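J.: Sharing a structure here in structure tokens format.
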């Protein structure tokens, strides 16, 4: 993984690294918490935490199991519960990998709840398995009898034939941790790259070579091992907040990547390949490569009305919308395996790669040159850029170049117009698989014209009721968000949710324009009734129609990871208030203008009174969508002042 140094410190752990801090390792015996752990009722370093991890350890080593060499992963964890009502971690999920008939095995799983001297074990029939993807399943269970003061403890062992799936160790998570340790003992014929992610440093970082540590029956010479211990004390909880990429990008964690393996005969296999190797794999793989060569098939499937279009941009859009309309995405994520483009086209349903490779073939059939792009979605984490790690990727999209301009396309979502990627795809960069010139990293740049525009005109009457018309216009990602919300609900439910978000209003004559016309703005029009009461004085908040930001999204004391809005945006709010010769203005709020550094954003509000009318204009611009952690306090204050403008500065009117 490679991120800006302002947002993440990256430490490469060298095998012969020195001891960072001479702290003593901790140990724990399963089933026997200490008296001090029982008597702990608050974690002083995080008094508001509803629980704390008292101790956790992971141990990875190699062992002979049923005459097979297996990678063993052992975990032991103890958690103290302070506030059972708000504790969200009493259900445990243990992921394990399988491919065909070969699977990792979760064994020696034990779990119990301690309530002082009373021990309640999780019954054997309470452990169950769910299949999440074709290759990943979860072993699950829930702790019983969880109360304030409970200690939850579990341990398990995974026996794995997959040495390339060494696993990450997360020192940091949603709960604070008093002690987290990872210990490994790896025979010298297995070589791994190790990387520590996050902004925290190790308190214990020890490594040594132990001779004669692993012996295979029938071989006289025992292997030497690298024995390493990594630990952190008093790890703060990772607090998630709005507008961020996935937490796994920033959690303190240790990652292992198998680079090379030498078998018992002396033959060496290299796992960490170059991008040239990956390019050849994609280009010449008999199965995958064939899926990229169906342009003749799609030339027969595309309507002649599309193939005859002369303008390249018009033709590209026609091909894109043809594929988008034809397919329904089945929700499955695939990169290389289980891709059958022709079958998917016939069924009109497919996984992400089947749909977007069909799009790539169709563009080629129409005489338009495109490239496949490997992507990791926002929730999947940022891909490593130092060397190819194929498991980092979970999605494919298409890059198309017309007149020197690049367009990124994803036909899996039926609400995205040409050139606008679904929000999940906006994850910094993708790998363009150019098989002629070689693959390269390409920034994923979001669509820039994202506007939420509100224009309303209201008139007062003698009873303090303000009636009028509202017009809303939404473009780009904001229009896409509206279309997505409307797709999930009927128009009546969509209107009901809007009415719920505006409880002070009555809404009538609600209409929508361009719901299906994706390249046009999504428009809403409706009449409103706002009853402020028949008193002598009225306090009128002009921003009673919902703005794009309705609350300050930033509330942490500090935030040590970047802010990512996904896309830049503009929010313009205009309101004209006709006092109808019934009221005078006692007080207008002060005009205000705020700016973020470097031209990254601005907000202004202007109030004007003339000829019995009040005109208000609120303008918000976020010109940048991504900010380093150092910008957090400035953004927090910026949005705090925006909320003051929107919620705490009413216009004061007095009846004549």
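J.: Counting alpha carbon pairs within less than 8 Å and at least 6 residues apart, what relative contact order, in whole percent, applies to the chain? Display every interim value, and only then the final one.
T.: Values: 1394 pairs, mean separation 64.1, N = 656.
10 percent.
J.: At R0 = 45 Å, how high is the FRET efficiency between residue 488 and residue 267 if r is their beta carbon distance? Nearest 0.05 is fine. Show your work: numbers first, answer last.
T.: Details: r = 55 Å, r/R0 = 1.21.
Once the sixth-power term is evaluated, E becomes 0.25.
J.: Compute the distance in nm between two label points, each set 7 Å from the Cα along the Cα-to-Cβ direction, one at residue 387 and one at residue 556.
T.: Distance between label points: 3.1 nm.
J.: Which label marks the calculated value of Cα extents along the principal axes in Å, given the options [x] 155, 77, 46; [y] 102, 73, 48; [z] 86, 68, 46?
T.: Among [x] 155, 77, 46; [y] 102, 73, 48; [z] 86, 68, 46, the one calculated here is [y].
J.: Another question, then. Would you order 522, 219 from fewest to most other beta-carbon atoms within 10 Å of each residue's own beta-carbon? Walk me through the numbers on the way to the answer.
T.: Working: 522 23, 219 9.
The most exposed by this proxy come first: 219, 522.
J.: So, in Å, what gap is there between the alpha-carbon centers of segment 503-582 and segment 183-252?
T.: After rounding, the separation between the Cα centres reads 50 Å.
J.: Here's another thing I want to ask about it. For the chain, give me the percentage of DSSP beta bridges that are antiparallel, rounded to the nearest 5 percent. Mind showing how you got there, number by number?
T.: Values: 160 of 178 bridges.
Taking every DSSP beta bridge within the chain, about 90 percent pair in antiparallel fashion.
J.: For the chain, what is the mean residue ellipticity at 222 nm derived from helices alone (per DSSP H run of n ≥ 4: -39500 (n - 2.57); sum divided by total residues; nearest 500 deg cm²/dmol)?
T.: Working: 11 runs with 107 residues, N = 656.
After summing the helix terms and dividing by the residues of the chain, the value is -4500 deg cm²/dmol.
J.: Could you work out the Kirkwood radius for segment 489-594, taking every pair of different alpha carbons, averaging 1/r and inverting it, reported in Å?
T.: Details: mean 1/r = 0.0558 Å⁻¹.
With all distinct Cα pairs of segment 489-594 included, I get 17.9 Å.
J.: If I take all pairs of Cα atoms in segment 275-443, what percentage of them are more than 26 Å from each other? Walk me through the intermediate numbers first.
T.: Working: 2981 of 14196 pairs.
Tail of P(r) above 26 Å: 21 percent of Cα pairs.
J.: Using 10 Å bins from zero, what percent of all Cα-Cα pairs in segment 280-339 falls into each bin?
T.: Reading upward from the zero bin: 18, 39, 34, 9.
J.: On to the next question. Which angle between 0 and 90 degrees, to the nearest 10, do you get for helix 491-501 versus the longest principal axis of the chain when only C-alpha atoms count?
T.: 90
J.: What's the angle, to the nearest 10 degrees (0 to 90), between helix 632-647's Cα axis and the longest principal axis of the chain?
T.: The answer is roughly 30 degrees.
J.: Please report the projected area of segment 616-656's Cα convex hull averaged over all directions, in nm².
T.: Details: hull surface 15.5 nm².
Averaged projected area of segment 616-656's Cα convex hull equals 3.9 nm².
J.: Could you state the angle between the C-alpha long axis of helix 352-365 and the longest principal axis of the C-alpha atoms of the chain, as a value from 0 to 90 degrees rounded to the nearest 10?
T.: Once rounded, the angle reads 70 degrees.
J.: Could you let me know the centre-to-centre spacing of segment 254-289 and segment 56-75, using Cα atoms, in angstrom?
T.: Between the Cα centres of segment 254-289 and segment 56-75 lies a distance of 24 Å.
J.: Okay, moving on. Exposure proxy check: 378, 429 ranked by fewest other beta carbons within 10 Å?
T.: Working: 378 20, 429 17.
Placing the least packed residue first, the sequence is 429, 378.
J.: Next up: Neighbouring Cβ atoms within 10 Å as the yardstick, rank 311, 255 fewest first.
T.: Values: 311 10, 255 20.
With the sparsest Cβ surroundings first, the list reads 311, 255.
J.: Shifting gears a bit: I need the shape label for segment 451-655. Rule: rounded when a/c is under 1.5, else prolate if a/b > b/c, else oblate, with a, b, c from the alpha carbon gyration tensor.
T.: On the way: a/c = 2.09, a/b = 1.25, b/c = 1.67.
Cα axes put segment 451-655 in the oblate bin.
J.: Would you calculate the convex hull of the Cα atoms in segment 224-318 and tell me its volume per residue in Å³?
T.: Details: hull volume 20.6 nm³, N = 95.
Here the figure is 217 Å³ per residue.
J.: How would you classify segment 113-157 from its alpha-carbon gyration tensor, with a ≥ b ≥ c the square roots of the eigenvalues: rounded for a/c under 1.5, else prolate if a/b is greater than b/c, otherwise oblate? Numbers along the way, then the final one.
T.: Numbers: a/c = 2.93, a/b = 2.75, b/c = 1.06.
Prolate is the answer for segment 113-157, as a/c is 1.5 or above and a/b outweighs b/c.
J.: Expressed as a fraction of 2.2 N^0.38 Å, the rule-of-thumb size for a compact globular protein of N residues, what is the C-alpha radius of gyration of segment 49-95?
T.: Details: Rg = 15.7 Å, N = 47, 2.2 N^0.38 = 9.5 Å.
Relative to the 2.2 N^0.38 Å estimate, segment 49-95 comes out at 1.65.
J.: Let me ask something else. In cubic angstrom, how much convex hull volume per residue do the alpha carbon atoms of segment 198-274 span? Walk me through the intermediate numbers first.
T.: Values: hull volume 11.7 nm³, N = 77.
Spread over its residues, the Cα hull of segment 198-274 gives 152 Å³ apiece.
J.: Give me D for segment 398-497 in µm² s⁻¹, whole number, from Stokes-Einstein with Rh from the Kirkwood sum over alpha-carbon pairs, 37 °C and 0.692 mPa s. If you can, show how the numbers build up before the last one.
T.: Numbers: Rh = 16.9 Å.
Rounded to a whole number, D works out at 194 µm²/s.
J.: Sticking with this one: Average the reciprocal distances over every distinct pair of alpha-carbons in segment 368-457, invert the result, and give the Kirkwood radius in Å. Display every interim value, and only then the final one.
T.: Details: mean 1/r = 0.0699 Å⁻¹.
Result for segment 368-457, one decimal place: 14.3 Å.
We did not get these values from a lab; they are worked out from the coordinates using the rules stated. As the structure is a computational prediction, the values presented were derived from the model and not from experiment. Cβ sites come from the backbone with ideal geometry, for glycine too, and all protein chains shown count toward neighbours.
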